Amino acid sequence: MRIAFLNWRDSTHPEGGGAEKYAETVCAGLAARGHEVTLLCARPPGSAEASERDGVRILRQGGRIGVYAASVRRLRRLERTEGPFDVVVDTQNGLPFWSVAATRTPVVVLVHHVHREQWPIVFGRATARLGWWLESVLAPRVYAKRPYVAVSTQTREELATLGVDPPRVAIIHNGTDVPLAAGVGKSAEPRIVVLGRLVPHKRVEHAVDVVARLAAEEPTLRLRIVGDGWWRERVAEHAREVGVADRVDILGFVDEETKHTELAMAWLALAPSVKEGWGLCVVEAASHATPTIAYHGTGGLSESIVDGESGLLVDDLDAMTSQVRALLHDAQARARLGAAARVHAANYTWNGTIMAWERLLTTVAAAKASGGSDEDETDLGSTDRT
């Protein structure tokens, strides 16, 4: 198949994160299976307009908002000069690309999570209201008959509240990388890790607050923050404000070996995010037997964490602090949660993710090729990977 994959960013973007990891891994896996894959995404300053990685052609155009119109124009131009694609994947990261208005190729909508909570955190009131209306009202109408992919059951349930029929939504989870052999054990002194982009809705400040609250009773406790983003200085400022700047290490973007070493050495991981579609940070930590504590009601984190078995879900910052305190003093409980976390993470493989995508895209493309409409009703439940 010839596949076009529209995604807000790629991993070379300064704000790239889990969604980019998902998109690029799926694209590379499909390319390795013989498909012709083109990834269209934003072009940050200083980046190449076109490149190839892992057999995938990457075309970059447009900025934070302009990427949507620019990528759709590029898609139309490619179809005009190279011929139609067999299927288009339109990633709705808050906003879709509205690609159905520009192509007659079958479109599959990929949604990591619904952004109800993020809009008012990132944008002003007027922009947030407009963005939420576009996501919750207009997009479900525009894509009403198109097949969807969600990365968790929680996301499918949220889409249902917006009017997207559950039978039209396949669940294809994130996979888990085979962990690099870090060659290290848990650190001698208590250590907490946070892995992810530094943006407001990740609420990394909550992890800083946990360290501050425990500072007097845990004088050697450290927080290691692996990741970067435009909110970095605010996180650092918060650490200074609460008096624990000397206990908080913001490592920024690191190479894979360093990332796996940090995850392996940590006693616990925290994921205080407002919302995650799945929780790639959770399963990456779990692959090193490091359990994660996160909040209830934050989307896919309730699936990437089996509460009380492979990690913990709590209601608020007080409860998060209490559970961290308890686990720092209970090596047996940490080991039990860590071992179960490793087993749970192993259930999700990137090979399984790629195979599920191939089956779905083949079905969608074949339906159109046989003379059907890309809006024909299709029950996608059989493509679930749980």
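Quick look at the numbers
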| quantity | calculated |
| --- | --- |
| First in region 92-114 and in the same structural domain as Leu159 (by TED's automatic domain parsing) and of a type in the set (Phe, Trp, Tyr), second anywhere and part of a loop (DSSP other than H, G, I, E, B) and crowded, with 22+ Cβ neighbours inside 10 Å, Cβ under 6 Å, 6 or more apart | none |
| Region 62-110, subset under 24 Å from the mean Cα position of the chain (by Cα) and of a type in the set (Phe, Trp, Tyr), residue surrounded by the most Cβ atoms within 10 Å (Cβ to Cβ) | Phe97 |
| All positions within region 39-49 that are over 20 Å from the mean Cα position of the chain (by Cα) and either surrounded by 11 or more Cβ atoms within 10 Å (Cβ to Cβ) or in contact (Cβ under 8 Å) with a residue 12 or more places away in the chain (or both) | Ser47, Ala48, Glu49 |
| Residue match in region 111-122 (condition: modelled with pLDDT of 95 or more and either surrounded by 23 or more Cβ atoms within 10 Å (Cβ to Cβ) or in contact with a His (Cβ under 6 Å, 6 or more places away or on another chain) (or both)) | yes |
| All positions within region 31-66 that are in a strand (DSSP E or B) and not aliphatic (A, V, I, L, M) | Glu36, Thr38, Cys41, Ser51, Glu52, Arg53, Arg57, Arg60 |
| Matching helices (runs of 4 or more DSSP H) fully within region 243-324 where at least 2 residues are modelled with pLDDT under 95 and surrounded by 24 or more Cβ atoms within 10 Å (Cβ to Cβ) | 280-286, 301-304 |
| Selection count where residues are under 28 Å from His206 (Cβ atoms) and in contact with a strand residue (DSSP E or B) (Cβ under 7 Å, 6 or more places away or on another chain), scope region 335-358 | 4 |
| Residue, surrounded by the most Cβ atoms within 10 Å (Cβ to Cβ), within region 129-140, restricted to residues that are within 19 Å of Val274 (Cα to Cα) and within 21 Å of the chain's Cα centre (by Cα) | Glu135 |
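The values are calculated or read from the model by the stated rules, or taken from the named source; none is laboratory data. Keep in mind it's a predicted model, so treat the numbers as computed, not measured. Positions of Cβ are backbone-derived with ideal geometry, glycine not excepted, and every protein chain shown enters the neighbour counts.
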